[in-house]
C-alpha cells in the first residue's frame, strides 16, 4: 500500500530495462500506443516484493467484485515473473534479469521522470535510458480480455536515483573510434617501405608505381 491506496506501490531501488517513457509505442499490431518500462527488482528487496504481493491480492479482490462477476478465476495471470526462470513465451530472460523479479508496467498517460536531486523538474530525454536505477510508482488492476483474466501493472512516475551501465548495447562513436583517427590502432605497425614506391612530389615518384594500402599491406 502507498498513499492509502491498497493497490499502489512505491518500489525500492530497481533497475530499469526496456525504458519507453519518451514517446508511446504500440506493442502489437492493432494495440494502443503506451509508455512502458520493465522493472528489475532485486530478490534481496523483500519489502518491495511483499508490497507487490499484497497489492496484487488487493487488486484481485477488487476485480472479483467489479470485473470477474463475483467469481475469482482458478488461474490468474500476473505481471511479476522470476528472472531466474523463463518468460511466459518460454524463452529465458536475459542475463541482466538474474537474481531479480521482473515486471513490466505501462500506461497511456506520459509518466514524469525526475531526478533524486530535484523532484520538481523532469529529466531531459538524454538522461533517461535502459540500465539506469530508480524508484517507481505502480498500481495493480484486474482485467478480463478475450478470455484472459489477470492482474496488470499500471505505470505511475519514475524517480531516477543513479546512473547504471546502459542495457541498450549501443556504444558512443567516441568509444567505438577511440583508437582510430590520428592515432594508430593498438598493435598496428607501419609496413616496411615497398620497393619502387614514393609519395607524390618525392624523388622517384611515378604515376605507374604500385601504391600500397598502409592497413592491409596490399596493392591499392
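If you take the alpha carbon atoms of the range 8-162 and fit the smallest convex hull around them, that volume is 127 Å³ per residue. Remark: spin-label model distance residue 127-residue 69 equals 5.0 nm, labels positioned 7 Å along the Cα→Cβ axis. With the Cα gyration tensor of the range 17-64 giving a ≥ b ≥ c as the square roots of its eigenvalues, does the rule (a/c under 1.5 for rounded; else a/b larger than b/c for prolate; else oblate) give rounded, prolate or oblate? It is oblate, given that a/c is not under 1.5 and a/b is not larger than b/c. Label-to-label distance, residue 146 versus residue 61, with points set 7 angstrom from Cα along the beta-carbon direction: 3.2 nm.
Panel order for 40, 10, by other beta carbons found within 10 Å of each beta carbon, from fewest to most: 10, 40. Can you tell me the length gained on complete extension of the stretch residue 13 to residue 82, counting 0.36 nm per residue apart and subtracting the Cα distance? My answer for the length gained is 23.1 nm.
Taken together, the values in this text are just the output of simple stated rules run on the coordinates, not laboratory data. The shown structure was predicted, so the numbers you read here are calculated from the model rather than taken from an experiment. Counting neighbours? That spans all protein chains shown, and the Cβs are built from the backbone with ideal geometry, glycine included.
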